[in-house]
There are 2 protein chains.
Amino acid sequence: MKPTIVFWYEFASTYSYLSAMRIEETAARADVAVDWKPFLLGPIFKSQGWETSPFNIYPAKGRYMVRDIGRTAASRGIPFQMPASFPANGLKAARLAIAARSQGADAAFSRAVFAAAFAKGLDISDDAVLTDCLTSAGLEADDMRRLSTDMAVKSELRANTEEAQALGIFGAPSFSTPDGEMFWGDDRLDQALTWARKRAPG
Amino acid sequence: MKPTIVFWYEFASTYSYLSAMRIEETAARADVAVDWKPFLLGPIFKSQGWETSPFNIYPAKGRYMVRDIGRTAASRGIPFQMPASFPANGLKAARLAIAARSQGADAAFSRAVFAAAFAKGLDISDDAVLTDCLTSAGLEADDMRRLSTDMAVKSELRANTEEAQALGIFGAPSFSTPDGEMFWGDDRLDQALTWARKRAPG
């Protein structure tokens, strides 16, 4: 059986966008499976005293991030722009991603949300934007919206965020391997995949 | 003429250690020259409200950093350990590196300091440790110590730090190319070298 890495992502996170657009292809080449796990950075940031993204709190870092992602996106042939309001509120999108998992469409939906946010610069807390993302992932928007407000879905997202915090996750994207090793940042995807292969049983 | 990248480093910085130990060889392969430029992160951190390293302020990030550098160092075949006190006070080492430049030995001395700090876990604010680093770089310790307290050397270090801040540098290592492009982090060294080659005149 293939090893699996967990892809910890937050829809407001620019570097999560970079990973989301390449992780399936990159992991497939390494013969590793991907478990998409949305969580919220907001509560984790709050617990370290931040009320917004560090890219807003530290403007030099924020300006650099935009330039850095612009360069990397260009080198990978994907578009990049910042949405008008950053960070976006990704709560609804994250619940919808968990709902979409019941249809095996969480990866497709999540990529659509990331593309809406960072290729098109749209507001992913907007219901119309999310409807387009659901539809483009082959999902019934009304069904998914209903499911996404179920207590079970809300609890799962809360549990994901609590698990992330318990694992010491402090940013997104992060990647964890079956033996509990943790990797932070799009730059570490290849290292995480190599680690997952080496430590795979058999 | 080869293009040159500026290597902005701070002796207390763990990720600067990773770059210091490979930059000359990596840059030589890319046919790019390296200008070693020590600066102090302390004043830059202070200006954003930090009294110590973010790896101390945010313990989850600090724990991850140690693990992350441990993995990368192992994969590159170099030792790594954290000094007992972190971050070290790198002021004397930085002034000595500027003094060592007059003998063309700033790179050799700087590598010796980084190895003392992060391969051996020594305190690089200790004069005996710095003497060993100077000697191992082929320098006369007493001469260098005298020169390092000259007003011109002190001013140069202050100017480096002010220039770093003016360029938007917020962490180390950083790399800048002749056209003013800035790259942050050991992970970006290859991108910086490629950029410097592509933008080189002629």
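Figures for the structure shown
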quantity: Conditions (1) modelled with pLDDT of 95 or more; (2) within 14 Å of another protein chain (Cβ to nearest Cβ); (3) open to solvent by 20 Å² or more (accessible area, probe 1.4 Å): number failed by A:GLU24; calculated: (2)
quantity: Wholly enclosed helices (runs of 4 or more DSSP H) of the stretch A:37-85 bearing at least 1 residues open to solvent by less than 30 Å² (accessible area, probe 1.4 Å) and of a type in the set (Gly, Ala, Ser); calculated: A:59-75
quantity: Selection within the stretch A:92-116 - without any contact (Cβ under 8 Å) to a residue 60 or more places away in the chain and at negative phi; calculated: A:LYS92, A:LEU96, A:ALA99, A:ALA100, A:SER102, A:GLN103, A:ALA105, A:ALA108, A:PHE109, A:ALA112, A:ALA116
quantity: Residue within the stretch B:4-14 that is of a type in the set (A, V, I, L, M, F, W, C) and under 26 Å from A:ILE57 (Cβ atoms) present; calculated: yes
quantity: Condition broken by B:ALA196, with the remaining ones in (1) farther than 15 Å from B:ALA30 by Cα; (2) open to solvent by less than 20 Å² (accessible area, probe 1.4 Å); (3) more than 18 Å from the chain's Cα centre (by Cα) satisfied; calculated: (1)
quantity: Enumeration of residues in the stretch B:161-180 that are part of a loop (DSSP other than H, G, I, E, B), aliphatic (A, V, I, L, M) and open to solvent by less than 70 Å² (accessible area, probe 1.4 Å); calculated: B:ILE169, B:ALA172
quantity: Filtered residues of the stretch A:82-138 (kept if farther than 25 Å from A:VAL66 by Cβ and hydroxyl-bearing (Ser, Thr, Tyr)); calculated: A:SER102, A:THR131, A:THR135, A:SER136
quantity: Criterion violated by B:LYS198 - all others in (1) touching a Gly at 6+ places or on another chain (Cβ under 8 Å); (2) within 13 Å of chain A (Cβ to nearest Cβ) satisfied; calculated: (1)
quantity: Residue satisfying condition, being modelled with pLDDT under 95 and aromatic (Phe, Trp, Tyr), within set A:PHE80, A:PHE86; calculated: A:PHE86
quantity: Condition met for A:GLY138 (small (Gly, Ala, Ser), closer than 20 Å to A:MET21 by Cα and either assigned to a helix (DSSP H, G or I) or open to solvent by less than 20 Å² (accessible area, probe 1.4 Å) (or both)); calculated: no
quantity: Tally, over the stretch A:4-36, of residues that are of a type in the set (A, V, I, L, M, F, W, C), part of a helix (DSSP H, G or I) and touching a residue at least 24 places away in the same chain (Cβ under 8 Å); calculated: 4
quantity: Output for the stretch B:37-70, where each listed residue is facing another protein chain (nearest Cβ under 9 Å) and touching a residue at least 60 places away in the same chain (Cβ under 8 Å); calculated: B:ILE44, B:GLN48
quantity: Number of positions in the stretch B:181-193 that are closer than 24 Å to B:MET1 by Cβ, facing chain A (nearest Cβ under 10 Å) and open to solvent by 50 Å² or more (accessible area, probe 1.4 Å); calculated: 1
quantity: Residue within the stretch A:115-127 that is part of a helix (DSSP H, G or I) and surrounded by fewer than 18 Cβ atoms within 10 Å (Cβ to Cβ) present; calculated: yes
quantity: Considering residues of the stretch A:86-110 that are open to solvent by 70 Å² or more (accessible area, probe 1.4 Å) and closer than 13 Å to A:PHE11 by Cα only, the residue nearest to the other protein chains (Cβ to nearest Cβ); calculated: A:ASN89
quantity: Those residues of the stretch A:147-180 which are more than 14 Å from chain B (Cβ to nearest Cβ), under 28 Å from A:ALA30 (Cα atoms) and of a type in the set (A, V, I, L, M, F, W, C), in sequence order; calculated: none
quantity: Qualifying residue in the stretch B:147-160 (condition: among the hydrophobic types (A, V, I, L, M, F, W, C), in a loop (DSSP other than H, G, I, E, B) and open to solvent by 50 Å² or more (accessible area, probe 1.4 Å)); calculated: no
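This table checks each residue for (1) of a type in the set (D, E, K, R); (2) under 27 Å from B:GLY185 (Cα atoms); (3) within 18 Å of the chain's Cα centre (by Cα).
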position: A:ALA108; (1), (2), (3): no, no, yes
position: A:VAL113; (1), (2), (3): no, no, yes
position: A:ALA117; (1), (2), (3): no, yes, yes
position: A:CYS133; (1), (2), (3): no, no, yes
position: A:MET144; (1), (2), (3): no, no, no
position: A:MET182; (1), (2), (3): no, yes, yes
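The values are calculated or read from the model by the stated rules, or taken from the named source; none is laboratory data. Source: prediction; values computed, not measured. As a convention, Cβ positions derive from the backbone with ideal geometry for all residues, glycine included, and neighbour counts pool all protein chains shown. The area values use the complete protein model at the heavy-atom level, side chains included, leaving out ligands, DNA and RNA. Shrake-Rupley method; radii C 1.70, N 1.55, O 1.52, S 1.80 Å.
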